[in-house]
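Structure first, commentary second.
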Amino acid sequence: MAGAALADGFSWTRSVHAAGSDPIRVALIGCGGRGTGAAANCLNVPDNVKLVAVADAFEEQAQKAARSLKEKYGDKVDVPPERVFSGFNAYQQAIAADVDLVLLTTPPGFRPLQYRAAVEAGKHVFMEKPVCVDAPGYRSVMESNRLADQRNQKVVVGLQSRHDPQLIETIQRIHDGALGEIQFLRAYRNGDGVWVRTREPDQTEMQYQMRNWYYFVWLCGDQIVEQHVHHLDRINWAMQDEHPIEANGMGGREVRKGKDYGHIYDHQYVEYTYPNGIKLFSQNRHIRNCWNVATQHVHGSRGHSDCVGTIAGENAWTYNGPKVTATDQEHIDLIRAIRNDERHNEGYYGANSSFTAVLGRMATYSGSVVSWDDAVAKGPDEMPARLAWDADPPVLPDAAGSYEHAVAVPGVYRAY
């Protein structure tokens with residue numbers, strides 16, 4: 001699709017409009033930085049796309065997103081005050097606001113619940129990665145995928161590499177045998193870390209964790225799930241969209257100290273095994289002043305590739321085709337599928353790649369060999385029993401305000 005859109009200079013918009021040019025009405029659910037960015041990517045599509053509703057747990061976030069997007073996109077944004085929704089049920093109100101497409105960009109823990117609601121309401125969906133943080137969430141997403149297929153609803157997942165022509169061609173060459181027999185795989189997401197949002201006066205525990213969501217497993221899934229999923233997805237893609245059958249690994253928490261760092265790790269190493277016995281060696285880290293790299297490599301009997309436009313070895317090759325902004329292109333492809341009524345559902349590989357990351361977390365937290373089937377069937381539910389500002393999240397601080405007691409200890413923590 002990406003290649004076709006580029007080849008005709010986006011002229012597809014004219015032909016698909018012949019089949020219907022009504023506005024595609026969009027709701028944004030989750031109005032943080034990535035959510036506002038995803039809405040911008042959608043509004044960048046050269047088509048009659050209109051943002052008509054926004055929703056966020058926090059009212060000021062929803063208002064801020066509506067205001068900033070209106071300033072940038074003018075008439076492509078029509079969000080009056082009555083379609084600015086806030087609170088834990090805001091997603092339901094946005095879905096019900098006479099929309100065709102919903103953008104799901106809240107913290108990942110909410111993705112399965114909101115995806116199910118959107119599909120049951122008959123909406124097309126863009127949902128950010130990862131699409132789950134635990135086994136019940138994975139099972140829910142897979143069920144929703146099947147329902148979306150039955151209703152021919154279009155689903156795109158924010159693993160934008162799948163829409164980038166240089167990756168599409170590189171992966172296709174790997175599939176066609178350019179590397180010979182695949183021998184082993186590597187993936188890395190090593191960086192300095194991300195933002196920290198400190199506790200504010202009068203916040204409930206739920207409000208605080210929702211603001212500082214990256215540092216809590218129920219909301220984020222840990223770094224391996226929230227960020228490293230991109231590289232794990234590229235490896236699964238190179239492996240013909242097979243997923244690993246087991247994982248073992250190690251990890252810990254060396255520099256994430258203090259009251260505002262929740263209970264996630266800051267480094268993990270995982271050895272994954274695929275059905276054919278091939279191993280993936282995976283690293284992710286958030287520690288400053290270390291070797292930082294975000295990439296992946298496929299090694300074969302005739303060469304190796306980073307999956308992003310280069311192949312070295314007997315069939316050496318460098319991509320020299322068109323370039324796209326992949327975060328725009330995934331929305332171009334989604335709108336095109338809606339206009340042309342093409343079957344399109346990325347939810348399956350989105351779920352499998354997300355759970356590949358969850359599997360790695362379960363292995364590193366426990367120090368055990370964890371099988372895919374057991375993890376899917378028996379993995380714990382990380383979500384709260386009740387979603388409300390006065391409800392208790394799954395992990396609470398000790399008397400000193402620390403979450404260190406909740407950090408997983410290998411050999412003590414049980415994967416299931």
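The values are calculated or read from the model by the stated rules, or taken from the named source; none is laboratory data. None of these values were measured; they are calculated from a predicted model. Note: ideal-geometry Cβ built from the backbone for every residue, glycine included; neighbour counts use all protein chains shown. With ligands, DNA and RNA removed, areas are computed over all heavy atoms of the protein, side chains included. Shrake-Rupley method; radii C 1.70, N 1.55, O 1.52, S 1.80 Å.
Tabulated data
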| item | result |
| --- | --- |
| All Cα pairs of the stretch 151-258, percent lying beyond 25 Å | 43 percent |
| Amide H contacts of Val102 (H built 1.01 Å from N, under 5 Å, at least 5 apart or other chain) | Ala27, His124, Val125, Phe126 |
| Theoretical gain in end-to-end length, Lys259 to Phe58 [0.36 nm per residue, Cα-Cα removed] | 70.1 nm |
| Binned Cα-Cα distance frequencies in the stretch 93-134 - 5 Å width, integer % | 5, 27, 36, 20, 10, 2, 0 |
| Rough spin-label spacing in nm, given labels placed 7 Å along Cα→Cβ, for Glu71 and Glu205 | 3.8 nm |
| Karplus-derived 3J(HN,Hα), 6.51/-1.76/1.60, for each residue of the stretch 193-207, Hz, glycine and proline x | x, 10, 4, 10, 10, 6, 5, 10, x, 6, 6, 6, 4, 5, 4 |
| Distance from the stretch 118-181 to the stretch 388-416 (C-alpha centre basis), Å | 31 Å |
| Per-selection Rg to Rh, the stretch 311-416 - Cα, Kirkwood hydrodynamic radius | 1.14 |
| Cα gyration tensor category, rounded, prolate or oblate, for the stretch 83-242 with a/c compared to 1.5 | oblate |
| Loop-resident sites, the stretch 327-416, for trypsin sites (Lys or Arg not before Pro), counting at most 13 other Cβ within 10 Å (DSSP) | Arg343, Arg386, Arg414 |
| Measure of compaction for the stretch 251-395 (Cα Rg per 2.2 N^0.38 Å) | 1.38 |
| Debye intensity ratio in log₁₀ form over the Cα atoms of the chain, taken at each q of 0.06, 0.09, 0.13 Å⁻¹ | -0.24, -0.55, -1.17 |
| Heavy-atom surface of the stretch 89-239, accessible at 1.4 Å and reported per residue (Å²) | 31 Å² |
| Accessible surface of the stretch 210-351, 1.4 Å probe, proportion on carbon and sulfur as whole % | 47 percent |
| Cα-centred dipole magnitude for the chain, charges only on beta-carbon of K, R (+1) and D, E (-1), debye, nearest 20 | 380 debye |
| Distance between the stretch 199-221 and the stretch 298-322 - C-alpha centres, whole angstrom | 43 Å |
| Selected from Asn292, His304, Ser368, residue furthest toward positive end of dipole (the chain; charges at beta carbon) | Asn292 |
| Accessible carbon and sulfur surface of the stretch 79-171 relative to its total accessible area, %, 1.4 Å | 44 percent |
| Inter-label distance for Ala400 and Glu342, nm, one decimal - labels placed 7 Å from Cα along Cα-to-Cβ | 5.7 nm |
| 3J(HN,Hα) from dihedral phi, the stretch 301-315, Karplus parametrisation 6.51/-1.76/1.60, rounded to Hz, x for glycine, proline | 6, 10, x, 9, 8, 8, 6, 10, x, 9, 10, 10, x, 4, 10 |
